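Here's the structure, in structure tokens; my notes come after.
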Amino acid sequence: MAISVKLSAFEGPLDLLLHLIDKNKVDIYDIPIVEITSQYMEYLEEIGEEDLEVMSEFLVMAATLLDIKCRMLLPKPKQEEEEEEDPRAELVQRLLEYKTYKYMSYELKTRMDEADGVFFRSPSIPREVLAYREPVDPSELLKDLTLEKMNAVYRSVMRRREDRVDPVRSRFGRIEKEPVSVADKMIFLRDYAMQHTSFSFRSLLEGQTSRTAIVVTFLSVLELIKMGHIRVEQGSLHEDIRIQVADDPAQWKNLTEYSEE
């Protein structure tokens, strides 16, 4: 890490030049180079010998000032008077940049000093406030999805099931299972959501074993959306509808108490 070295209160040759410019109250864009160079050299003579590494920077600047001074004093050919750039331009640019960074450092130092007096306490939010959940707005959950889109998926699944029906075996008698209730299917979805935080609405319907199970599953999804436990999303018109779990399925309550109207 570099160590900052000051030479008689000046942090470098540019700092000394700025001091001389402010002391003489001259325009930084129109530096009287002869006068400033003379004062700069007088200052170096007064401070005597210092650390060579530090003094070398001041001596390099002294050489730069003398070079600028000579270029300004020497006569110029008439054809070059309008074309030649001001010899002081580069020095002025360096002084302006240094002055900007210097005042920025003052601002940062002030902010650091002010920050020393600021203390933060750990959050102490009551458990009741942490446990609060904003009431679910069904219209907000379904703002990007219409029942027509969900119904289209439902009809598509039903058509696929009808296409798989064996025209011969379909005439045979079959044993019907006890109908599945919406409450039972909601419990199934809760257990399924514990294993899958995101799943396809179409795949969910296609995984059902009967027409009744598909209808009940469809109704259960609508009810869970209304209760705010899940939400549905669709990226574009022809993309698959995705079901996203909105909260912890282990906290879903009153599913067994649901009654179909």
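Odds and ends about this structure:
- Cβ crowding within 10 Å averaged over residues, with 119-132, 102-115 ranked highest first: 102-115, 119-132
- For Leu20, net neighbour charge (Lys/Arg +1, Asp/Glu -1) across residues whose Cβ lies under 12 Å away: -2
- Modelled FRET efficiency - R0 30 Å, Leu96 with Val60, Cβ distances, 0.05 increments: 0.95
- Remark: the range 12-23, residue by residue, has Karplus-estimated 3J(HN,Hα) of x, x, 5, 5, 5, 4, 4, 4, 5, 5, 5, 5 Hz, where x stands for each Gly or Pro and the curve is 6.51 cos²θ - 1.76 cosθ + 1.60 at θ = phi - 60°.
- Residue-wise HN-Hα couplings along the range 189-206, as the Karplus relation 6.51 cos²θ - 1.76 cosθ + 1.60 with θ = phi - 60° gives them from phi, are 5, 4, 5, 5, 5, 5, 9, 9, 7, 8, 8, 7, 5, 5, 5, 4, 5, 5 Hz; Gly and Pro carry x.
- Among Met194, Met61, the ranking by other beta carbons within 10 Å of each residue's beta carbon, starting with the fewest, stands as Met194, Met61.
- Packing rank of 222-233, 198-209, where each peptide gets the mean count of other beta carbons within 10 Å, highest leading: 222-233, 198-209
- Other residues with beta-carbon under 13 Å from the beta-carbon of Ile33 carry, at +1 per Lys or Arg and -1 per Asp or Glu, a net charge of -3.
- Phi-based couplings in Hz for the range 100-113 (Karplus 6.51, -1.76, 1.60; Gly and Pro marked x): 4, 5, 5, 6, 5, 5, 4, 5, 5, 5, 4, 5, 5, 5
Values quoted throughout were computed directly from the atomic coordinates according to the rules given, and no laboratory measurement underlies them. Small disclaimer: the values here were computed from a predicted structure and weren't measured. Every residue, glycine among them, receives a Cβ derived from its backbone with ideal geometry; neighbour counts consider all protein chains shown.
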